[in-house]
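Have a look at the structure below, then the notes.
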Amino acid sequence: MLPRDVISTGPLILRPPAQEDVEAIVKVCNDPVTARFLPSLPSPYRMEDAHGFLEKAAAKWAGGGAEYVITQDGRYVGSVGVVEPDEWGVASIGYMVAPWARGRNVAATAARAVTDWLFDHGVRRVELQAAVENVASLRVAVKAGFVEEGRRRDAKRLRDGRYVDLVTFARLAGDAVAAEPYLPFFADGELCDGVVRLVPMAVTDAGDFHRMLADPTVAAYHFGPTGTLEEHERRCRYTGYWWVSGQRIELAVRDAASGAFAGHIQLAHVVPALGQAMVGYSLVPEFRGKGFMTRAVRLLVDWAFANTALHRIVAGTEAGNAASHAVLERAGFSQEGVHRGLFVKADGTRVDDLAWSVLRPE
């Protein structure tokens, strides 16, 4: 059985929940973000539900688990729960953060502290799961030193009726906590030069993205199937997960003045061992000839060299795609060679790929 300890970590104090927490718990559980990813919570969440939570927390402690509230300066800022360790010394945790405390590393600090405390009390392995669309929770897991181990497809149903994948994480006693992520998030949430804005792709961009790829002038140089609107919506829902896990960055290119969707740019095929990634892009017809994509490529490349360990960014273009060649030349890329017969066209024929690169400035 786990001891009813109080855990102190930085500015946070973790203690068993008490009657004084009831009002704050009600507010947090009625928050739309909390409710979205914790669909089993009653809606609306009432005072009697919070009192029921206190009873369940007491039962969890008595049954070998743990339930903590997170406080800062005496104020409730979140909760962390621990499922009783099993016979193999494996426990799991879950957490939520109050809206007024988000963006302060509350959950990551608390999750790491509780996990270290569990290791001190004989637990061998701690697990947690987060919905693939819950980017904040995914970031908490990584910051708290957890390692991704896989995905459980369509394992959870949200309040809107959709099933979502759950990403599974774990920490073992003795694991080294990872350093900063290889692909950090934008400090200001976007990149902007006053003309072009680069913002993370969202599900609301799926329709524009789908229409762009269906345009014949885009489809002519697009590699692979065009995809359905449903597939593009799913792609947009995964963009945060791909970024957190260091796989790739998917961005919408927007007109800074109007906010209109102008195109898409990605940093993909990330290979940390080589310090290399690949840039790819597409632009809607009405924004061509205005230098938008050159600006977008420069913004992303300059950010990557300033904020990541990448040494080399590459690109591939079909031999006949003169417009794309011009974008890369203006953005500072140099042509390196030709991959003969690399791209397969819709009719089954093959065409050459021109290889481009730009290196980190000395």
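The values are calculated or read from the model by the stated rules, or taken from the named source; none is laboratory data. Computed from a predicted structure; not experimentally measured. Heads up, the Cβs are rebuilt from the backbone with ideal geometry, glycines too, and the neighbour counts pull from every protein chain shown. Areas reflect the complete protein model, heavy atoms only, side chains present, ligands, DNA and RNA absent. Shrake-Rupley method; radii C 1.70, N 1.55, O 1.52, S 1.80 Å.
A few remarks follow.
- Evaluated against (1) over 21 Å from ARG237 (Cβ atoms); (2) open to solvent by less than 60 Å² (accessible area, probe 1.4 Å), SER137 falls short on exactly one condition, (1).
- Leading residue by the ranking (least open to solvent (accessible area, probe 1.4 Å)) among those in segment 302-334 that are over 22 Å from VAL218 (Cα atoms) and in a strand (DSSP E or B): ILE313
- Which listed residue, of ALA219, ALA262, is open to solvent by less than 70 Å² (accessible area, probe 1.4 Å) and out of contact with any strand residue (DSSP E or B) (no Cβ under 9 Å at 6 or more places or on another chain): ALA219
- Note on segment 315-334: residues that are over 33 Å from the mean Cα position of the chain (by Cα) and under 15 Å from TYR281 (Cα atoms) total 1.
- Test for ARG159: is it modelled with pLDDT of 95 or more and charged (D, E, K, R): no
- Just one of the numbered conditions (1) loosely packed, with under 13 Cβ neighbours inside 10 Å; (2) farther than 18 Å from ALA268 by Cα; (3) modelled with pLDDT under 95 is not true of THR204: (3).
- For segment 227-259, filtered to residues that are assigned to a loop (DSSP other than H, G, I, E, B) and exposed (fewer than 15 other Cβ atoms within 10 Å of the Cβ), the residue that is modelled with the lowest pLDDT is THR228.
- Residue, farthest from ALA136 (Cα to Cα), within segment 23-75, restricted to residues that are touching a helix residue (DSSP H, G or I) at 6+ places or on another chain (Cβ under 6 Å), open to solvent by less than 10 Å² (accessible area, probe 1.4 Å) and not in a helix (DSSP H, G or I): VAL69
- Residues located in segment 1-22, provided they are in contact with a Gly (Cβ under 9 Å, 6 or more places away or on another chain) and not in a strand (DSSP E or B): MET1, LEU2
- Every condition in (1) hydroxyl-bearing (Ser, Thr, Tyr); (2) within 21 Å of the chain's Cα centre (by Cα); (3) assigned to a helix (DSSP H, G or I) holds for THR294 except the one numbered (2).
- Taken over segment 86-103, residues that are out of contact with any Phe, Trp or Tyr (no Cβ under 9 Å at 6 or more places or on another chain), closer than 12 Å to ILE25 by Cα and open to solvent by less than 40 Å² (accessible area, probe 1.4 Å) amount to 1.
- Residues that are farther than 12 Å from PRO200 by Cα and charged (D, E, K, R) within segment 252-279 comprise just one, ASP255.
- Meets criteria (closer than 19 Å to ARG139 by Cβ, touching a strand residue (DSSP E or B) at 6+ places or on another chain (Cβ under 6 Å), at pLDDT 95 or above and of a type outside the set (A, V, I, L, M)) for GLY94: yes
- Close contacts from segment 276-290, counting a first residue that is under 28 Å from TYR182 (Cβ atoms) and a second that is among the polar types (S, T, N, Q) and at pLDDT 95 or above, with Cβ to Cβ under 6 Å and a gap of 6+ residues or different chains, come to GLY280/GLN266.
- Within segment 151-175, tally of residues that are small (Gly, Ala, Ser) and surrounded by fewer than 11 Cβ atoms within 10 Å (Cβ to Cβ): 2
- Only listed residue being in contact with a Ser or Thr (Cβ under 6 Å, 6 or more places away or on another chain), open to solvent by 60 Å² or more (accessible area, probe 1.4 Å) and aliphatic (A, V, I, L, M), chosen from VAL83, VAL126: VAL83
- If only residues of segment 335-355 that are open to solvent by less than 80 Å² (accessible area, probe 1.4 Å) and over 28 Å from GLY291 (Cα atoms) are counted, the one that is nearest to the chain's Cα centre (by Cα) is VAL344.
- Residue satisfying condition, being hydrophobic (A, V, I, L, M, F, W, C) and free of Cβ contacts under 8 Å to residues at least 60 places away in the same chain, within set ALA309, ALA315, ALA262, ALA296: ALA315
- Note on segment 263-293: residues that are among the polar types (S, T, N, Q) and under 17 Å from ALA252 (Cβ atoms) amount to 2.
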